[in-house]
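Undergrad: Following this message is one structure expressed as structure tokens.
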Amino acid sequence: MKIETERLIITPCTEEMISVLKEQNYDNGPQVWNHIEKLKEDPAILYWGPWLAVLKSDGTIIGDLGFKEKPDEKGAVEIGYGLLEAYWNKGYATEAVDALIGWAWKQENVRRIKAETLPGNAGSIRVLEKLGMKEVVRSEVLIYWEINKG
């Protein structure tokens, strides 16, 4: 299962990707490695963890995005994303997150997608606003966002 956009291939993070991750020295936090370990215990979480954003042009992994866990009983999932700094401000985050949200809406058990950002993270705020997410709660520490199906 892969999602293709104009410039990216977005692929679920699996054990098969370990060699590519290591070859490219990909390090964007522990979530990818933690997910690969959890997959061994529960293969059902495959699509509900990190996906890798890969440039079509040369196969470079530029970031990861995905869901923090499977949809809850109300059909809500939380999306998160992070690109390597060299790929910021080029539209990749918007392109990737938009594609993954599109995939999520096709899952019958997803009714709401949530996200959170730091108040000072203007780039991430801009991505969520472009994708139609609405701010629902703001604290000094975090801004919480959501978008509903339909």
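The values are calculated or read from the model by the stated rules, or taken from the named source; none is laboratory data. Bear in mind the structure is a predicted one, so any value in this text is a computation, not a measurement. A quick note on method: Cβ atoms are made from the backbone with ideal geometry, for glycine too, and the neighbour counts reach across all protein chains shown. When the accessible area is computed, the model is the full protein with side chains, heavy atoms only, and any ligands, DNA or RNA have been set aside. Shrake-Rupley method; radii C 1.70, N 1.55, O 1.52, S 1.80 Å.
Undergrad: Based on what the data block shows, is residue 39 in contact with a Leu (Cβ under 7 Å, 6 or more places away or on another chain), on the phi < 0 side of the Ramachandran plot and either surrounded by 15 or more Cβ atoms within 10 Å (Cβ to Cβ) or in contact (Cβ under 8 Å) with a residue 12 or more places away in the chain (or both)?
TA: Answer is yes for this residue.
Undergrad: May I ask you to say which residue of 38, 90 is among the charged types (D, E, K, R) and either assigned to a loop (DSSP other than H, G, I, E, B) or closer than 11 Å to residue 8 by Cα (or both)?
TA: Matching residue, one of 38, 90: 90.
Undergrad: Does at least one position in the stretch 52-63 carry a residue that is part of a helix (DSSP H, G or I) and either in contact with a strand residue (DSSP E or B) (Cβ under 7 Å, 6 or more places away or on another chain) or not polar (S, T, N, Q) (or both)?
TA: Checked against the condition, which is being part of a helix (DSSP H, G or I) and either in contact with a strand residue (DSSP E or B) (Cβ under 7 Å, 6 or more places away or on another chain) or not polar (S, T, N, Q) (or both), the stretch 52-63 yields no hits at all.
Undergrad: Give the residues of the stretch 66-85 that are of a type in the set (Gly, Ala, Ser) and either part of a strand (DSSP E or B) or modelled with pLDDT under 95 (or both), sorted by residue number.
TA: 66, 76, 80, 82
Undergrad: Looking at residue 150, is it in a helix (DSSP H, G or I) and either open to solvent by less than 30 Å² (accessible area, probe 1.4 Å) or of a type outside the set (D, E, K, R) (or both)? Even if it seems obvious, please write down each step before you answer.
TA: Values: in a helix (DSSP H, G or I): no; either open to solvent by less than 30 Å² (accessible area, probe 1.4 Å) or of a type outside the set (D, E, K, R) (or both): yes.
Considered against the rule, which asks whether it is in a helix (DSSP H, G or I) and either open to solvent by less than 30 Å² (accessible area, probe 1.4 Å) or of a type outside the set (D, E, K, R) (or both), residue 150 comes out as no.
Undergrad: Restricting the stretch 117-136 to residues that are open to solvent by 80 Å² or more (accessible area, probe 1.4 Å) and not acidic (Asp, Glu), which is nearest to residue 86 (Cα to Cα)?
TA: Among those residues, the one meeting the criterion is 126.
Undergrad: Another question about this same structure. Looking at this structure, is residue 141 crowded, with 17+ Cβ neighbours inside 10 Å and assigned to a loop (DSSP other than H, G, I, E, B)?
TA: So residue 141 fails the test.
Residues are listed down the side, and each one gets a yes or a no for (1) surrounded by fewer than 17 Cβ atoms within 10 Å (Cβ to Cβ); (2) among the basic types (Lys, Arg); (3) free of Cβ contacts under 8 Å to residues at least 12 places away in the same chain:
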{"site": "4", "(1), (2), (3)": "yes, no, no"}
{"site": "17", "(1), (2), (3)": "no, no, no"}
{"site": "29", "(1), (2), (3)": "yes, no, no"}
{"site": "58", "(1), (2), (3)": "yes, no, yes"}
{"site": "63", "(1), (2), (3)": "no, no, no"}
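Undergrad: All but one of (1) within 24 Å of residue 149 (Cα to Cα); (2) surrounded by 16 or more Cβ atoms within 10 Å (Cβ to Cβ); (3) touching a helix residue (DSSP H, G or I) at 6+ places or on another chain (Cβ under 7 Å) hold for residue 83, so report the exception by its number.
TA: (1)
Undergrad: With the requirement that a residue be in contact with a strand residue (DSSP E or B) (Cβ under 8 Å, 6 or more places away or on another chain) and not in a strand (DSSP E or B), what does the stretch 106-119 give you?
TA: Matches in the stretch 106-119: 110, 111, 118, 119.
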